[in-house]
Amino acid sequence: MSVEKAAKQVTGATEVAGTAGRGASGGVPEGAPRTPPVKRAATAAAKKTAAAKKTAGVKKAAAAKKTAAGKKAAPAKQATASGTAVSKTAVSKTAVAKPPRSESRTALVRRARRIDRELAEVYPYAHPELDFANPFQLLVATVLSAQTTDLRVNQTTPALFAKYPTPEDLAAANPEEVEEILRPTGFFRAKTRSVIGLSKALSEQFGGEVPGRLEDLVKLPGVGRKTAFVVLGNAFGRPGITVDTHFQRLVRRWQWTAETDPDKIEAAVGALFPKSDWTMLSHHVIFHGRRICHARKPACGACPLAPLCPAYGEGETDPDKAQKLLKYEKGGFPGQRLNPPQAYLDAGGIPAPPLGAG
């Protein structure tokens, strides 16, 4: 046999052996042990079940942990809920008389006018609490009432008007002499400049007469819108709202407006009432603010508006204690004026004492 022929035979034998070793599948040698299909399925199912059990165990453990945490936190949550309930109860208790947040414009107008009607019944004798005999005296007295009480002004102006009865007289006055008279009212130097200045303006620009127009009054020294409306409403019978400190405090407590600027308060409240009611509305509100609804400690327990007041409870609610807080009211307490209107006297009001008498 030739060498070439022997090499071909060896190569063929090797190819046959390789084919036999790979088997029919091309991957597993023939004759090698193989896993039956049923057993493979059972094994896969077992693995799947084990994985499911493992996942279920993890989920169960997580759920148990969450439940334990929830049980542990339950008292705190209950306490928080209890605290919220108490807080809500307290708020609702305080807000029993408060108007709803969604109060309509119509409801606000009705509520405001009802309050004014109640005040009119309580204070049928409400009036300006500055003594005056003519528009000039009222104008000067109103300017002097800044940063002091009407009572103090009423005790001071008799001497002033006795010595300077007309604008011309006061315009020509010696400032030092006027200062001495006005000293009890406080800020007497500034007030002296104002009353002498407005007297000169009246003499030079208006023939010694107080003008009856808002735009003319506010041009006078020391005269603002509040002073002008006092004069227009009480000396000329022209409606106006007097936005003093009492008026501002009460209309905010009654939630008629949330404004703090006097001009904006005037506009907001004026829109709730007919113009013809403005002057008496001012008297009613100011009377109530001076006598019952005080700034620091309102006499809530003696207030006839208690069922209507959103701010009820801010002050003393005990009736007996509240009664002792009443000021400047009939029944033994003097009013602000030395010469009050007859209606006030008929209702049992007492005139204020003159300067130096109390």
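The values are calculated or read from the model by the stated rules, or taken from the named source; none is laboratory data. Bear in mind the structure is a predicted one, so any value in this text is a computation, not a measurement. Positions of Cβ are generated from backbone atoms using ideal geometry, with glycine treated the same way; all protein chains shown enter the neighbour counts. Quick note on the areas: whole protein, heavy atoms, side chains included, nothing else; ligands and nucleic acids left out. Shrake-Rupley method; radii C 1.70, N 1.55, O 1.52, S 1.80 Å.
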_Sum of side-chain charges, Ser203 neighbourhood, beta-carbon under 15 Å (Lys, Arg +1; Asp, Glu -1)_ = -3
*Pulled fully out, how much extra length does the chain show between Ala268 and Gln323, if you take 0.36 nm times their separation in residues and subtract their Cα-Cα distance?*
16.6 nm
*May I ask for the distance between the Cα centers of segment 177-196 and segment 282-307, given as a whole number of Å?*
31
_Percent accessible area from carbon and sulfur atoms, segment 258-358, protein chains only, probe 1.4 Å_ = 55
*Added length on full extension, which subtracts the Cα-Cα distance from 0.36 nm per residue, Thr148 to Glu180*: 9.9 nm
*Using packing as a proxy for protection, rank 307-318, 258-269 so that the peptide with the highest average count of other Cβ atoms within 10 Å comes first.*
307-318, 258-269
*Pulled fully out, how much extra length does the chain show between Glu121 and Asp346, if you take 0.36 nm times their separation in residues and subtract their Cα-Cα distance?*
79.5 nm
*Based on the Cβ-Cβ distance from Lys219 to Glu314, what FRET efficiency comes out when R0 is 41 Å, to the nearest 0.05?*
0.55
*Show Leu325, Leu139 ordered by accessible area, largest first, where the area counts protein heavy atoms only and the probe is 1.4 Å.*
Leu325, Leu139
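Would you mind counting up the charge near Pro354? Only other residues with Cβ under 13 Å from its Cβ, with Lys and Arg at +1 and Asp and Glu at -1.
Its environment carries a net charge of +1.
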*Just the accessible area per residue of segment 227-358, please: how many Å² with a 1.4 Å probe?*
45
